[in-house]
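Remarks on the structure that follows.
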Amino acid sequence: MNTSLRTFGRLVGAPWRTRISQTSARQIWGSALGVALFLAGIYNFQGGPLTVVVAGVGLCGLLVSAWLLTLSGLQRQNHPHLARLLPGHVRHLRWAVWLVWGVPVLVTGGVVAMLGGDVWLALLLSGLSLSLMTAFVRWPLSFLLLFVLPPAVVPLWQSLPWAASLTQALVAQWHVRPLPLTLSMLAVLSLFQVRLIGDGRAAHVRRYEGMQRLIESMKDGAGGFNPRHQGRWGQRINAAMGALSRRCLARLLRHPRPTPAHCLARLEYPLYGAVHWTMIVGTLGTVLLVAVGILAALSLLVPDLAGLRKAAPQLPVHWWWLGIGQLCMGLVMGQLFNMGTALQRSRKEQALLVLLPGVPQQGRLRAGLLQRHGLTMLGLAVPGLLLITLSELPGPTLLLQGMGLGAVLASPLLLRSWATQRSAGQGPLVLVMGAVTLAWQVLPGERLPVPVALAVMGGLLSLVALVWFVALRRMRSEPLAALPMGRRAA
């Protein structure tokens, strides 16, 4: 018994030990302090009930993240070679997965029983929820079906006479004898859980290789697209989303000009990789086309959704302004978190590129790239904040204004010296953005009039533009460091 418990503890604790070893104590305490300050600010300015709700939602999110981390860690330990060659490895992993699923279900049922609720319904819903998240771990792209299946399947199921009769019979049987139905459903769900662990056969090998490709593709991130880390469908999706990028690059190469601006425009493609603006716009365009196609098909197939086509043009103009403004600010945040990271990760390539004729030398290369980056952010932030402010919607306007201003005020952090950084450092960006968002909502006391809000935001944008101008002038005379130096280089 003790041996089994130790084995279970090692299997479940392996992903946590890895995550803790990769996270510094400063990051852990900094995150805890930030969460505490955020809850304290909400409590002081908005009252206790909202604080309890926010804390509860945050706690549920942390628990779900911890559960997913544990389950995905068990799946990664299920290597096909270990499954074939190590006796008892598959059995121990399946027991671990079953317990990781079963213990939260039983705990949920116990809590609901103490509160006087419906225990059987709580057991069934918790088991279904955890099994749904297990399906997301096994098939990562299956979450897309959540946006398609419910609006299509539920009305179709309700329209079928035999389906409605079956549903009524099951509900009636549930009210009379809930125990057999709950236990049978939980038994089926437990079998689905243990099927997450493969036995080393060909199907398991293919699934594990696909998971590794997905992990490596996510690690690529801002580093660009690597065909070795993509499956067949991944390559097709990337080809569709990168059509605009390929067309713009081909046009740029067909018309070469011996100017610094043209040189920087060509260098942005390999240095930015998958986060170049053409890739972002192409991705958004592809997603919007697919979403419009799905909504059109659903409105034609499902009669209850046909009213969407009539309701969309009747939306107030303020909501259209808010949507377009938020789209602009979303692009600003993408620039803030992605392109700065891409430039920081490609600093070695930049140090080699300065050896080529025609490439701006030393700090002028980094200053030129960041200048184009900053101008793009400022050009998107001005219309985005203007449209969000003109929408004058009391609820979302303040929040979106604060997030947009936070992104703009955090942008000067991209001008820090790379020689003293080991990583891109997105933590300070998130902290500044969150602090400005909170301050914008609580400091004025009430919503500012539109002229005053525009004047304040215009002054802040002008201040940020002045900081960028001064920092870029100083950067042009600095050397271009390719590697971290000093105590942070370790």
Residue ID - modelled with the lowest pLDDT, chosen from residues in segment 368-419 that are of a type in the set (S, T, N, Q) and closer than 28 Å to R347 by Cα: S417
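This table checks each residue for (1) of a type in the set (D, E); (2) surrounded by fewer than 17 Cβ atoms within 10 Å (Cβ to Cβ); (3) assigned to a helix (DSSP H, G or I); (4) modelled with pLDDT of 75 or more.
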{"site": "I280", "(1), (2), (3), (4)": "no, no, yes, yes"}
{"site": "G285", "(1), (2), (3), (4)": "no, yes, yes, yes"}
{"site": "V292", "(1), (2), (3), (4)": "no, yes, yes, yes"}
{"site": "A297", "(1), (2), (3), (4)": "no, yes, yes, no"}
{"site": "L300", "(1), (2), (3), (4)": "no, yes, yes, no"}
{"site": "D304", "(1), (2), (3), (4)": "yes, yes, yes, no"}
{"site": "A312", "(1), (2), (3), (4)": "no, yes, yes, no"}
{"site": "W321", "(1), (2), (3), (4)": "no, no, yes, yes"}
{"site": "M333", "(1), (2), (3), (4)": "no, no, yes, yes"}
Lone unmet requirement of (1) surrounded by fewer than 12 Cβ atoms within 10 Å (Cβ to Cβ); (2) more than 21 Å from G117 (Cβ to Cβ); (3) β-branched (V, I, T) for T167: (1)
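Please determine, by comparing only the residues of segment 382-400 that are among the hydrophobic types (A, V, I, L, M, F, W, C) and crowded, with 19+ Cβ neighbours inside 10 Å, which one is farthest from V436 (Cα to Cα). Walk me through it before giving the result.
Let us first name the residues in segment 382-400 that are among the hydrophobic types (A, V, I, L, M, F, W, C), namely 382, 385-388, 390, 393, 398-400.
Of the ones still in play, those that are also crowded, with 19+ Cβ neighbours inside 10 Å are 385, 387-388, 398, 400.
Details: L385: 14, L387: 19, I388: 17, L398: 11, L400: 11 Å.
Ranking the qualifying residues of segment 382-400, first place goes to L387.
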Subset of segment 473-490 [of a type outside the set (D, E, K, R), in a helix (DSSP H, G or I) and either at pLDDT 90 or above or touching a Lys or Arg at 6+ places or on another chain (Cβ under 9 Å) (or both)]: M475, A489
Residue match in segment 388-406 (condition: outside any helix (DSSP H, G or I) and farther than 29 Å from A453 by Cβ): no
Condition met for L271 (buried (at least 17 other Cβ atoms within 10 Å of the Cβ) and in contact (Cβ under 8 Å) with a residue 60 or more places away in the chain): yes
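Rundown of residues vs (1) of a type in the set (A, V, I, L, M, F, W, C); (2) within 18 Å of V194 (Cβ to Cβ); (3) free of Cβ contacts under 8 Å to residues at least 12 places away in the same chain, yes/no style:
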| site | (1), (2), (3) |
| --- | --- |
| V64 | yes, no, no |
| V107 | yes, no, yes |
| G110 | no, no, yes |
| G117 | no, no, yes |
| A122 | yes, no, no |
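Please note which helices (runs of 4 or more DSSP H) are completely contained in segment 98-189 and include at least 1 residues that are modelled with pLDDT of 85 or more, of a type outside the set (S, T, N, Q) and under 30 Å from G293 (Cα atoms). Steps first, answer last, please.
On the way: elements: 119-138, 149-159, 161-176.
The helices (runs of 4 or more DSSP H) meeting that bar are 119-138.
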Residue in segment 360-381 that is closer than 22 Å to H318 by Cα, buried (at least 16 other Cβ atoms within 10 Å of the Cβ) and under 27 Å from the mean Cα position of the chain (by Cα) present: yes
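The values are calculated or read from the model by the stated rules, or taken from the named source; none is laboratory data. In this text the structure is predicted, and so the values were computed from the model without any measurement. Positions of Cβ are generated from backbone atoms using ideal geometry, with glycine treated the same way; all protein chains shown enter the neighbour counts.
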